[in-house]
Every structure is written in C-alpha cells, then in structure tokens.
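Below you'll find the structure I mean.
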Amino acid sequence: MKAGKSIYLFLIPGLILYLMFFIYPTLSALFYSFTNWDGLTADFDFVGMANYVEIFTKDSIFKKAFVNNLEFMLFVVIFQTLFSLVFALMLTKNSTASIFLRALYFFPTILSSVSVAFIWTYMYDPNLGLINKLLDLANLEFLTMNWIGDGDIAIYSISAVQVWFHTGQMLIIFVAGLQGIPKDLYEVAKMEGANKWQTFRKVTWPLVAPAATIVVAYTTIQSFKAFDLIFAMTRGGPNYSTEILATLIYNTAFRSYRFGYASAESVIFMIVIAIITFTQMRLLRSRA
Amino acid sequence: MDKLGKRTMLLVYALIIIVPMLTVIFSTLKTTSEMYANPIGLPETLNIENYIQIFNETSMGTYFKNSVIVTIVSVFFTLFFASLIAYAITRMSPWKGGIVFGLFTIGMMVPAQVNMIPLYSLIYSLDLTNTLSGLMIVNISVTLPVAVFILTGFMKTIPKELFEACTIDGANNWQVYRRIAIPLSLPSLSATAIFLFVMHWNDLLYPLLFITKDEYKTLPLALLEFQGQYMTNYPMLFTGVMIASAPMIIAYIFLQRYFIAGMTAGSVKG
C-alpha cells in the first residue's frame, strides 16, 4: 500500500531550510563570482570573467595556497594512511590491550580543532615548547626549530598535527576491514608456506583495499577542509606559508573585503573538490 | 616484525597521544613559571586558581551555556528533520525518492567555504547576526545532507512490508513514522547524534562568521580569542581547553564504543 500524498509534508521543514540556507547561498556564490562586490556596500558591477582571469594569470598567492594545499594533502594522506594501516594491523584482535589502545589513539578526534591547535602551538613553541625542550635534553639541539614560525617547515608541522588528530579515526575503518577477512585464508596461506610479507601482499592487502580507498578518499577531502586547525594555529602565515584554499577564501572575503573575488576562488575550490571526489568514486567503483 | 619492535611502536605512539594530553591537564593546575620550569611533571599542589581566574576574567559560564544550547537544539532538529526526510524517501516512489536523496547528498560535496560568503550576507540581511538562533538555523541546514544520507541508508534496510502493513491497518504516515520508523532506527539515530554532537560542539567557522558580541560566543570562538588575551600564558589557555573539552571527554569515557561507531559512520559516509 502506498504512503499517500501526506508523505510530501515530511520533506517540508528540512527542504525549506536546506534550499534557503544551503542551495541558495551555494548558487549565489557562482553569481557573485562574476562581480566586484566588496561585501560592505549594496551595489556592485558585473565584471564577467575578470576575477577568474586574475586568479589564473596574476594571483601568486592563490597559486601558493593551491600548492600548499597539495603538499598538505600529500603529507597527510601518505602518513595518515600508513600509520592507521600499520597500527590497525597490530590492533586487529579484540584483546583488552588493543581495545584500550584503539580507544586511546581515537581520543584526539573528539577534541575541537581549536583545542588541538592550542596544544600543538604550545608543543611547537620555539622557547617554551615541549618538543624543543626534549630535543635539548637529548643533546639534539641542532634539531630544535621554530616549527610553525619558520615558513619553510610550517606546513609540514601542521600536517603532522592533522595526522595526530585523525589517525585514530582512520585506524577504526581499517580494523573493521581487517576483521572482515576470513581466518581460513590465513591458514591456507600458512599451509602453502607463505611468509609474512607474501601473506600481506596476497591475502591481507587485496581484501583491505576497499577500506584503504575509503581512508584515502576521506583523508584527501579532510585535508582540503582543514580550515579550523590552520586558522587557529597560524591564520595562514607566516607570509602565506600555511595558507590553504579554505583559509585563503576566508581571508580574501573577511580581511580584504573582496567578496566577489573570494567567491570566484570558492567556485574553483569546489570544482577541485568535485574532480577529486569523482575520480576517487570511480576508483572506488572499479575496486568494488 | 618481532614482538618487541611492535610493542615499542605502539608504546611510542601512545606516548605521543598521552604526553600532550597530560601536559594540558597538569598545566591547568600550575602557575606559568611552574609550567615553564617543569612542563611534564605533576603539579606541586592542587591549585585550581586558573579555573577561578578564567571564570572571573572571561564570560566562561556564558560561552559554555551558549555552546550547550546551540549544540542541543542543532542536534535535535537536524535529527528530527533528517529522519522525516529519510522516512519520506523510503516511502516515496523510487525515482522521486532518488531525486530527493540526490538533492540532499550532493550537498555533502560542497565545502563550507563555498557558500559561507553568501550565507554571511543572507544571515546579515535577515538580522540574525549575533543571535544563537541564526547559528542554529545554519548548523541544521548544513548538517542535513550527511544526516539524511546516514539515516536513509539505515531506513532502507527496514522491510517495506512493515510500513505497508501498518498503513493497511489504518495508521497514517505520522503514526508509522513515530511507531515504526523511529523506534527501529534508534541505532543509526544515536550514531548520527554523536557524530553531530561532536561536530556542532567543536564548530568554529559559523560562530566566527556570525558572532561578534561576547554574550553570544560559543566555546571554540571564545577560546580562539583567548589567544589574543593570554598570549603564551599556556596554563590559562589550557584551562580554557579543559573546560571546553570536558563534556566531550566525560561522554567519551562512558560511551566510547558509541563514539567510535558514530564518528566512523559519519566519516565513511560524510
């Protein structure tokens, strides 16, 4: 029996909010991207493709933010996937110790980005911070650095924080994948005389690959959206060395008051994310 | 790899989590000079001076109250509206349901920075800046996509015959939703609730956009501004971190399994 016409009433409250406060602003961003709106006054002019042309031909900061974003993404995707897989392999069994360690490793995920930013701003503090203090104690003074104050390394220091923040969460996805592998397969591999590496290559890896695809896909998107953490740690500085697209859009709009230009940046940002998502979805499908 | 190497790695990573956390907790009980001299050690005395000072010097109580109100209301209405939509999608004809589902899930691909600029001017023109209700409306709207996605996925696993049998027995849609769809979806509702709780409680971007008056600030925004006020006074900053994180930490200790399940559901699907 059909649900009847009254079923459409169920859509109304959510749909109104969603259309008004999500879809409408998203489409407006496209509209504003062709204007020179400053966000402060009501009037603005259409400038056609001028914002886009400026971004692609003159804007060295946009280019820098884009490159930073790619560096940040690569670092986080590589290390977060590697760490979460290695620890998941060690903590697959549901023993008391591994349940405890999984819960401990997961813990940072529940904190706010601002809290994590404060913790690591302290850890990285060149004079007071724990990292340099420990390096001093270990007679490794030559390794002490101005971790987030030095533009050459700041983006990597923040990448490491992002890895610390979310490795435990990705680990859980891998553990779920690993626990789904039938035990018999390992027994067969053992009987056939496979060594540990061969067992991993031929049994574990093919079966954990779907989980790996999810982890890589999620981590990639997450690294493009890491606004809160970077904003709270460096605001994109020093000298744009930690500026990623998300922080750049915010700064262009709310520091330089170039709403139209920032909208054009945000449209490009959305296209980049859409391309990455579609590519990864195709990879995910071909695996499954 | 041998057992010893494996255990060492696990221990080292555990320390990388534990040491910063203990430093935060212990520092809140230390003066600045004590902390700078001895960052990792136990505090000399149980000195709760920092906690008293932060409540005296800032409107910590107000920020905390604002965060509680915004989070609870946002989570409740996101779940309520999203579950109505998820139920409707499962009961509509497949192609109509598919269109509604597609309309909402496409929103999961749009990063917050894309619509934040028009959203800012929309909230401004509706006179909702510096109000908690503006914050809640935006929170609900932007988390509907992921909530609809998770809840629809779950409701689709409920046998259709169950809904249809009730309709034949004369129950209207609201009754079927209340008596069948909601009770059977409790596991996915609670997972989604936890995911949303963490997300709304910790959100920085929207308060940063819409709130400038002290009396409407939520904890993450207030914390961010402590940076200007306390500079490198880490004991005070960490006292703020502890107060802002306390509800989540306490909930995590008791509901660990649900947290891990809920946040993983959100991440896989979000």
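The values are calculated or read from the model by the stated rules, or taken from the named source; none is laboratory data. Fair warning: this is a prediction, and the values are worked out from it, not measured in the lab. For neighbour counting, all protein chains shown are included, and Cβ atoms are generated from backbone atoms with ideal geometry for every residue, glycine included. Just the protein is used for accessible areas: all its heavy atoms, side chains included, with ligands, DNA and RNA removed. Shrake-Rupley method; radii C 1.70, N 1.55, O 1.52, S 1.80 Å.
What number of residues within the range A:161-192 satisfy the criterion of being of a type in the set (A, V, I, L, M, F, W, C) and closer than 15 Å to A:Gln222 by Cβ?
Adding up the residues that qualify gives 8.
Would you check which residues across the range B:203-219 are touching a residue at least 40 places away in the same chain (Cβ under 8 Å) and either part of a helix (DSSP H, G or I) or surrounded by fewer than 21 Cβ atoms within 10 Å (Cβ to Cβ) (or both) and list them?
B:Leu205, B:Tyr206, B:Pro207, B:Leu209, B:Phe210, B:Thr212, B:Lys213, B:Asp214, B:Glu215, B:Tyr216, B:Leu219
Another one. A:Thr121 versus (1) more than 7 Å from chain B (Cβ to nearest Cβ); (2) part of a loop (DSSP other than H, G, I, E, B): which is the lone unmet condition?
(2)
Could you check how many residues of the range B:84-99 are of a type outside the set (S, T, N, Q) and surrounded by fewer than 21 Cβ atoms within 10 Å (Cβ to Cβ)?
Residues flagged as of a type outside the set (S, T, N, Q) and surrounded by fewer than 21 Cβ atoms within 10 Å (Cβ to Cβ) within the range B:84-99 amount to 7.
Related question: Can you find, within the range A:70-113, the residue that is farthest from A:Ile155 (Cα to Cα) among those that are open to solvent by less than 30 Å² (accessible area, probe 1.4 Å) and small (Gly, Ala, Ser)?
Residue satisfying both the conditions and the ranking: A:Ser98.
Of the numbered conditions (1) farther than 27 Å from A:Asn251 by Cβ; (2) without any contact (Cβ under 8 Å) to a residue 24 or more places away in the chain; (3) within 11 Å of chain A (Cβ to nearest Cβ); (4) among the hydroxyl-bearing types (Ser, Thr, Tyr), B:Tyr87 satisfies every one except a single condition; which is it?
Here B:Tyr87 meets the rest and fails (2).
Follow-up question, since we're still on this one. Could you go through the range A:137-147 and let me know if any residue there is touching a residue at least 60 places away in the same chain (Cβ under 8 Å), within 26 Å of the chain's Cα centre (by Cα) and farther than 24 Å from B:Ile250 by Cα.
No, the range A:137-147 contains no residue that is touching a residue at least 60 places away in the same chain (Cβ under 8 Å), within 26 Å of the chain's Cα centre (by Cα) and farther than 24 Å from B:Ile250 by Cα.
Counting only residues that are touching a residue at least 12 places away in the same chain (Cβ under 8 Å) and part of a helix (DSSP H, G or I), how many does the range B:138-178 have?
The total comes to 24.
Pick from B:Asn173, B:Asn202: which is closer than 20 Å to A:Lys5 by Cα and either touching a helix residue (DSSP H, G or I) at 6+ places or on another chain (Cβ under 7 Å) or at pLDDT below 90 (or both)?
Sole residue among the options that is closer than 20 Å to A:Lys5 by Cα and either touching a helix residue (DSSP H, G or I) at 6+ places or on another chain (Cβ under 7 Å) or at pLDDT below 90 (or both): B:Asn173.
Please specify each residue of the range A:13-36 satisfying the condition of being without any contact (Cβ under 8 Å) to a residue 60 or more places away in the chain, open to solvent by less than 80 Å² (accessible area, probe 1.4 Å) and more than 8 Å from chain B (Cβ to nearest Cβ).
Scanning the range A:13-36 gives a single hit, A:Leu19.
Taking the condition of being over 16 Å from A:Met20 (Cα atoms) and either of a type outside the set (A, V, I, L, M) or open to solvent by 10 Å² or more (accessible area, probe 1.4 Å) (or both), how many residues in the range B:138-172 meet it?
Total satisfying the criteria: 23.
Select from the range A:132-164 the residues that are surrounded by 19 or more Cβ atoms within 10 Å (Cβ to Cβ) and among the β-branched types (Val, Ile, Thr) and list them in ascending order.
A:Ile148, A:Ile155, A:Ile158, A:Val161, A:Val163
In the range A:257-282, which residues are over 17 Å from A:Lys225 (Cβ atoms) and charged (D, E, K, R)?
Selection gives A:Arg258, A:Arg282.
Moving on to the next point. Quick check: anything in the range B:231-242 under 30 Å from B:Leu46 (Cβ atoms), touching a Leu at 6+ places or on another chain (Cβ under 8 Å) and open to solvent by 20 Å² or more (accessible area, probe 1.4 Å)?
Looking through the range B:231-242, at least one residue is under 30 Å from B:Leu46 (Cβ atoms), touching a Leu at 6+ places or on another chain (Cβ under 8 Å) and open to solvent by 20 Å² or more (accessible area, probe 1.4 Å).
Could you pull out the residue among A:Ile131, A:Ile61, A:Ile110, A:Ile55 that is under 30 Å from B:Tyr230 (Cα atoms), in contact (Cβ under 8 Å) with a residue 12 or more places away in the chain and not hydroxyl-bearing (Ser, Thr, Tyr)?
A:Ile131
With B:Leu119, B:Leu103, B:Leu135, B:Leu128 as the choices, which residue is touching a residue at least 60 places away in the same chain (Cβ under 8 Å) and surrounded by fewer than 20 Cβ atoms within 10 Å (Cβ to Cβ)?
That would be B:Leu128, the only listed residue that is touching a residue at least 60 places away in the same chain (Cβ under 8 Å) and surrounded by fewer than 20 Cβ atoms within 10 Å (Cβ to Cβ).
While we're on this one: Step by step: first the residues of the range B:37-52, then only those that are open to solvent by 60 Å² or more (accessible area, probe 1.4 Å) and of a type outside the set (A, V, I, L, M), then the one that is farthest from A:Asn132 (Cα to Cα). Which residue is that?
Taking the candidates together, the pick is B:Glu49.
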